[in-house]
1. Residues in the stretch 128-138: is at least one at pLDDT 95 or above, within 14 Å of the chain's Cα centre (by Cα), under 16 Å from GLY204 (Cα atoms) and surrounded by 14 or more Cβ atoms within 10 Å (Cβ to Cβ)?
2. Quickly run through the stretch 39-52 and pick out the residues that are crowded, with 22+ Cβ neighbours inside 10 Å and within 18 Å of LEU166 (Cα to Cα).
3. Run ILE127 past the list (1) under 18 Å from ASP37 (Cβ atoms); (2) in contact with a Lys or Arg (Cβ under 8 Å, 6 or more places away or on another chain); (3) of a type outside the set (Gly, Ala, Ser) and report the number of the one that doesn't hold.
4. Consider the stretch 122-146. How many of its residues are more than 10 Å from the ligand (Cβ to nearest atom) and not in a loop (DSSP other than H, G, I, E, B)?
5. For residues in the stretch 153-176 being open to solvent by less than 100 Å² (accessible area, probe 1.4 Å) and assigned to a helix (DSSP H, G or I), which is farthest from the ligand (Cβ to nearest atom)?
6. Restricting to the stretch 133-179, what's the tally of residues that are hydrophobic (A, V, I, L, M, F, W, C) and under 23 Å from VAL54 (Cα atoms)?
7. Consider the stretch 1-32. How many of its residues are out of contact with any His (no Cβ under 9 Å at 6 or more places or on another chain), at pLDDT 95 or above and either within 16 Å of the ligand (Cβ to nearest atom) or open to solvent by 60 Å² or more (accessible area, probe 1.4 Å) (or both)?
Amino acid sequence: MAPLKGPGEARKYDGSGLRVGIVHARWNSKIIDSLLDGVKKSLAAGGVKDENIVIQTVPGSYELPFAVQRMYASSQIQSSSSGGAGGLVQSATDLLSSSSATDLTNLGTAVSSANKGASTAPFDAIIAIGVLIKGETMHFEYIADAVSHGLMRTQLDANVPVVFGLLTVLTEEQGLHRAGIAGEKGDQGHNHGLDWGSAAVELGVKRRGWA
Ligand code: DLZ
C-alpha cells in the first residue's frame with residue numbers, strides 16, 4: 001500500500017545531465033550532516049554526477065535565501081562569460097574570498113573536478129538545507145517565516161527550482177527522526193534528505209522541458 005505521507009511512488013528521472021547546488025546551514029550539525037548524506041545518496045541514485053554537485057555552507061538557516069540567490073546568479077554569470085571549465089575555476093576563486101574553511105574544502109573539490117569535465121552550466125536546481133529547533137524565544141518563528149518566504153521568492157525571481165530542505169521542529173528528537181537517526185525513542189524515522197534529492201532531480205529535469 002502506498003504510504004499516506006511523502007512524495008508517492010518514486011519516478012525515474014535521468015539526472016545525469018544536471019548540475020545541482022546544495023547550500024546548508026551549520027547549526028545543528030549532526031542532523032544537517034545526515035540530511036546532507038541523504039541528499040547526496042538520492043542525487044547519485046538519480047544519476048547526478050559527483051562533479052556536477054557544488055556544496056556551499058552558511059552559518060545558520062537565516063542566511064540560506066541570500067546564499068541560494070548568489071550561488072545561482074554567479075553560476076549564470078560564469079556560464080555566460082566562460083562557457084568552459086575555466087568558468088568553474090573562476091567561480092571557485094570568487095567564492096573563496098567569502099568562504100569558511102569548510103567551504104574551501106568544497107571549493108577545492110569543485111576546482112579539481114573542473115579538470116574532469118564538470119559542467120559549467122547554471123544550476124538546474126538548488127537544495128537549501130537547514131534545521132530550526134524551537135527555543136524559548138520567538139527566534140524560531142521569525143527565522144522560519146523569513147527563510148520560507150525568502151526561498152520561495154528566490155526560486156520564482158530567479159526561475160530555478162529551490163528545494164525546501166528546512167526542518168522546522170519543536171525538539172531535537174523530532175529533527176533526528178526526520179534525518180533518519182535513531183533518537184532516544186529508538187525509532188530511526190526517515191531521512192528527508194532522500195526526498196529532497198529526488199525532488200531536485202525531478203524538478204531539474206522538468207524545468208528543462210518547461211523552458
Ligand atoms: C540564532 C539562531 C538560533 C537561535 N537557532 C538556529 C537554529 O535552530 N537553526 C539555524 O539554522 N540557525 C539558528 N540561528 C542562527 C540564524 O539562522 C542566523 O545564522 C543568525 O541569526 C545570523 O544571521
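1. There is at least one residue in the stretch 128-138 that is at pLDDT 95 or above, within 14 Å of the chain's Cα centre (by Cα), under 16 Å from GLY204 (Cα atoms) and surrounded by 14 or more Cβ atoms within 10 Å (Cβ to Cβ).
2. So in the stretch 39-52, the residues crowded, with 22+ Cβ neighbours inside 10 Å come out as 39, 42-43, 46, 48, 52.
Of everything in the stretch 39-52, those that are crowded, with 22+ Cβ neighbours inside 10 Å and within 18 Å of LEU166 (Cα to Cα) turn out to be VAL39, SER42, LEU43.
3. Against the list (1) under 18 Å from ASP37 (Cβ atoms); (2) in contact with a Lys or Arg (Cβ under 8 Å, 6 or more places away or on another chain); (3) of a type outside the set (Gly, Ala, Ser), ILE127 comes up short only on (2).
4. Adding up the residues that qualify gives 6.
5. Of everything passing the filter in the stretch 153-176, ALA158 is farthest from the ligand (Cβ to nearest atom).
6. 12
7. Qualifying residue count, the stretch 1-32: 11.
The values are calculated or read from the model by the stated rules, or taken from the named source; none is laboratory data. Everything numeric in this text was worked out from a predicted model, so none of it was measured. In this analysis, Cβ positions are derived from the backbone assuming ideal geometry, glycine residues included, and neighbour counts consider all displayed protein chains. Protein only, heavy atoms only, side chains kept; ligands, DNA and RNA dropped before computing areas. Shrake-Rupley method; radii C 1.70, N 1.55, O 1.52, S 1.80 Å.
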